[in-house]
Every structure is written in structure tokens, then in C-alpha cells.
Amino acid sequence: MLSKHYVSVFFLCVAAALVSGCSGDNPRVLNPSAITTSASATGPVTTAGSALALSTLTTGVAVTTTLGAAPAVASGTTVTLTESTVSPTGLPTLQGLARRPESGTVSDTPLVYIEAVFSNAVTMNGQLGFTTPLPSGSNPNAGPYYVAALPLGATPAWSLAIEGPGVVSGTTVSFTPPVAQVTFAASTPYYYVIYQAVGGSVPTPAPTLSPTPVPTLSPTPAPTLSPTPSPTPTPAPVGLSPASLSFTNLGAGNAQSVTAAQSGFTGTFTASGANCTQGSTTVATIASTSSNAFSVTPTAAGSCSVTITGSGASATLSVSVTLAPLALSPSSLAFTASGASYAQTFAASEPGYTGAFTETDTCNPGTAIATVSAASGPGPTANFTVTPQSAGSCTITVHDTNGQTSTVTVGVTITQGGVN
């Protein structure tokens, strides 16, 4: 059996080795496969300590792991534990390695392997502790039970008996971990194995289970004891619905709405400006209608973007205004006689447009060449009537309220009664 001095020094070495390696080796080069034939569970790491129980495997083992207090643990830190009766591929075996606490002919028989992975770096007041039912058919008198750990190092080898001999009560064995502070790195697998030293002497419980005094087991360097800074929370993204707006007409009657959302934010969203511009052209105006909604009104053809901001994050709203062309059909009128009975019409059309059409012309410069009636109605289609009056030519220009125009040419040649 180990002397108290050997166990104290051994626990100190292993506690430090699990953080950085007893001999200052580089980080672990071993890369074993994930544990299979196993059970896993994830639980919180707390300032007061906790326990996490795993399911029963086919051999009957079901590990419950105790986590020491972590005074400076980052909020939301978790540990994922995986137990398996099969050694992960790539781990060294227990047989024939150094640091054996028993003398004579001893065979180390693994009961269960445990993998621990922490989501954030954490410093705990002590190693992990373990309790498990013994496999069916086990003989506690065949030898004592221990916990071995695989330190981080360039040449990994199991550090035997970092905990134990375990206390057997009925069909359950429990281990009390050393109390030296240990720092675990984030997202790094730490491996343990509970094993029986078959052929070794079974100790009496009381003397071997007494922990080494805290001052002896607390030589961890100050940098290791520094608490891990809490990470700066990343703000949730801002979502826009819709993320872009398209318009084919101008004016308040064609305005559209957009809403903003951000998880956890209940304040007021803001826009980067009241005008959405392309160069010097205001393509659209932006107005807040509630804490998370905006009204966008198209004012000119073009494209632009506006930024909507919540709490520490923002999103970009794209705006596109494309006007349908104003078309006239036919684009020219020809008359060979005058009077109302020879009147002709042309149509103005603009898809999606519902405003009014107006016209200006050069057909009445003193002596009327032709008269033009007002539009028959609003868009998208309206008719104009042109009545010839006297010989000549002129133009008629039709306007929409979006600033677009189109022109019809008029020619009047009087052939009746010999008038040209």
C-alpha cells in the first residue's frame, strides 16, 4: 500500500499533470476516437459543486461523478461525461505501466472508462470523484479499486491510483478525490478509468481514505488559480420581415411596412435615417410606426438601403423602386379631313399605375390644328380623343404623376374640297 507521503506527492503531480503535464510537456498529441458502447450526459458546472449520474451499462456499472466547487465558473459552463466499458481507440493500456501502488504480481483490470469535456475553461476545488455499482460477478476481495487518469502530455501514459483505494459498500465502490485545485481547459477530453488491481492487497478503509491536508495539496502556481474571465455575450442577430422591398409606383398610396425582431430585446429599433438615398436622389422615406415597425414610401426610381439597429446588432433593408414605362398607342395620328366625324383616339398605359394621366400639346397655336380631350380616366389605362381642325402638325405629350412622359405626333392634311 502507498504511504501518505507517496499518495500526497502523487496526487499533486497528477492534479498538475491533468492541467499541463507533470514534466512541462506540450499539449496532448494523442487523439483517441470518441467513446463507443457508452452512455453520456451533460450537466452544469456550478460554484457550489454538483453531481451527474450516467445510465447503467450492460455490465452493471453506472457512474455518478461529483464535481468540485468552481468559485469563478463562467455562466452557462457545462460538462459532458461519457462512460464506456470499452477503451477508446488510441488510449494506452493499464498493464505494465509505472506508478503502481501495489507490489508483487498484480493485474490491472479496467471496470469503466470515463471521458470529461468542459464547454469553458474552469478551475475546480479538487479532482472529479466517482461512485459506481460493481459489475455483476465482481469479487471485491480480489484486489483494491483505484482511479487512473491520462495527463496531458507529449507521451501519454496512465497515472495510476490518483484516487483510491476505493471504499466498497455492498456492491458499490466510491472514491474520494484529492482537494488540490485543478484547471480544466475548454473543449479538451480528459480521460479516467476505474480499475481493480487484481492480486493486490485490500487495505483497511480508514487509514488509506484520509485525504492529505489541504496545505500539502495546494501548490498549484498562481496563474493556474486565476479565474477564467467571463466571455462577452454575443448579441442576438436582428431579423427583418421582409428583408427587402420592391416598388413599381410612387407615393404614399404605395407605401409598404417592415418589422424588426431580436431575441431578448424589447426596446425600440432605430433606422439609420429618414431618407433612403441613391446619390443625391431620395428613393424612399422611412418612418417609424411602432417600436419595431417602419413604413417605407417610394419617392423616385432607384435602389438604396437603410440600416435597422436593435441592441448591439443591426440588419440592412434593401429598397428597389422600378417604374413601369408610360406607353402611348398608337404613337402617331394622321388625318386627311377635319371635323368630329374624323376624330381618332390613342391610349396611354402604365402597368400598376393608378394615378391620373394629363396632357400638354402644341396643337392649338392660335389656329387650332387639333383639339385633345381629357383622359377618359386614371391608370393603368386611359384614352385620349384627338379631333382634327385644320392642316398642320403638332405633338401631344402625356404625363403621369411619377414624372414620366411620352409623346404622340399628329399630322393633319386636308384633302376634301381641294384644301391641302
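Every read-out reported here was derived from the displayed coordinates using simple, explicitly stated rules and does not represent laboratory data. On a predicted model such as this, the values are computed, not experimentally measured, just so you know. Using ideal geometry, Cβ is built from the backbone for each residue, glycine included, and neighbour counts are taken over all protein chains shown.
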Burial-style ranking of 297-303, 261-267, average other-beta-carbon count within 10 Å with highest first, yields 297-303, 261-267
Taking a virtual spin label 7 Å from the Cα of THR282 along the C-beta vector, which residues in the range 300-320 bring their backbone nitrogen under 16 Å of it? 300-306
Based on Cα coordinates alone, diagonalise the gyration tensor for the range 289-420, multiply each eigenvalue by 5, take square roots, and list the semi-axes in whole Å, largest first. 47, 12, 10
For the range 256-305, the convex hull over Cα atoms projects on average to an area in nm² of 3.6
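Between SER303 and ALA41, what FRET efficiency comes out of the Förster formula 1/(1 + (r/R0)^6) with R0 = 56 Å and r the beta carbon distance, rounded to 0.05?
0.55
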Length gained if SER295 through THR234 is fully extended, taking 0.36 nm per residue and subtracting the Cα-Cα distance, is 19.0 nm
So if we plug the beta-carbon distance of THR259 and THR413 into 1/(1 + (r/R0)^6) with R0 = 51 Å, what FRET efficiency do we get, rounded to 0.05? 0.25
Förster-model FRET efficiency, 41 Å R0, THR367 and THR405, C-beta, rounded to 0.05: 0.95
